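Here is the structure we will look at.
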Amino acid sequence: IVYDIDNDLNTHLKTAFEQRRDYKSKQLDLEAQHIVLKINKQKLWPQLDLKATFLSNGFDAEYANTLGEMLSNDDDSYFIGGSFTFPLENKVARANLTQSQHKKAIFIAELRKLEKDIQLEVDRNLRKILLQETKYYKYKDAAKLQRNKEEEESKKFKIGRSSSDLIIRYQNDAIDAKIDERRTYNQYLKAVVDLKKSENILLNELNLQTT
């Protein structure tokens with residue numbers, strides 16, 4: 001059985017990037033570090049706090065409502081104020097920001113390296129499949145040819161036009177060719193498995209996906 005393998009590398013890369021757990025994990029690490037970096041940047045920003053107060057006859061609104069009709073609302077007053085703070089020498093915040101920037105750069109580098117490794121791995125396995133498939137058909141044809149030669153020589157032997165030594169040689173050649181055919185087919189199957197493993201879809205296709 002020869003599998004119908006798409007020869008398009010981009011198709012297999014797309015599958016690998018969608019299915020590989022290690023790649024998804026690196027993406028999540030980078031996203032989490034981006035959030036940390038954003039928080040640390042915000043800690044260096046100026047901070048403005050607003051306050052508002054409503055007074056009625058010198059009492060705040062909640063207390064005035066409790067007294068009901070005992071108070072007059074002719075002398076209401078409002079107060080709006082705020083506080084503005086700006087971190088001038090926030091060494092801790094700046095150190096945290098630098099550290100988070102450094103970590104994000106590391107996560108980006110690791111993600112890019114993993115992407116490159118996946119590309120090389122998938123490309124190598126796909127090329128291996130195409131090579132082993134070609135070799136398999138070559139050895140399969142050779143095995144068929146040797147088998148036909150052995151059968152034809154056996155017919156000649158039956159009518160006395162060949163020797164036992166020649167028959168044995170042809171039989172050995174046919175056996176060797178069949179062994180080469182099976183060996184290259186096993187190498188082809190291994191290449192298919194390696195490709196599916198690099199795409200992280202082997203368990204799915206074998207219906208062994210764990211929950």
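If you filter the stretch 156-176 down to residues that are part of a helix (DSSP H, G or I) and charged (D, E, K, R), you find that the one that is least open to solvent (accessible area, probe 1.4 Å) is ASP173. GLU152 meets all of the listed conditions (1) farther than 24 Å from ALA16 by Cβ; (2) among the charged types (D, E, K, R); (3) modelled with pLDDT of 95 or more but one, namely (3). Just one residue in the set GLU181, GLU110, GLU153 is under 30 Å from LYS38 (Cα atoms) and part of a helix (DSSP H, G or I); that residue is GLU110. For the stretch 4-44, the set of residues classified as in a loop (DSSP other than H, G, I, E, B) and surrounded by 13 or more Cβ atoms within 10 Å (Cβ to Cβ) consists of ILE5, ARG20, LYS43, LEU44, listed by residue number.
So that you can scan it fast, the table gives a plain yes or no per residue for (1) farther than 30 Å from LYS197 by Cβ; (2) β-branched (Val, Ile, Thr); (3) at pLDDT 75 or above; (4) touching a Phe, Trp or Tyr at 6+ places or on another chain (Cβ under 6 Å):
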residue: SER25; (1), (2), (3), (4): no, no, yes, no
residue: TRP45; (1), (2), (3), (4): yes, no, no, no
residue: SER72; (1), (2), (3), (4): yes, no, no, no
residue: PHE79; (1), (2), (3), (4): yes, no, no, no
residue: THR85; (1), (2), (3), (4): yes, yes, no, no
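Only residues that are open to solvent by 50 Å² or more (accessible area, probe 1.4 Å), in contact with an Asp or Glu (Cβ under 6 Å, 6 or more places away or on another chain) and of a type outside the set (Phe, Trp, Tyr) were counted in the stretch 125-144, giving 1.
The values are calculated or read from the model by the stated rules, or taken from the named source; none is laboratory data. The model shown is predicted, which means the values in this text are computed figures rather than measured ones. Here the Cβ is made from the backbone with ideal geometry for all residues, glycine too, and neighbour counts use every protein chain on show. Side chains are part of the model used for accessible areas, which takes the heavy atoms of the whole protein and leaves out ligands, DNA and RNA. Shrake-Rupley method; radii C 1.70, N 1.55, O 1.52, S 1.80 Å.
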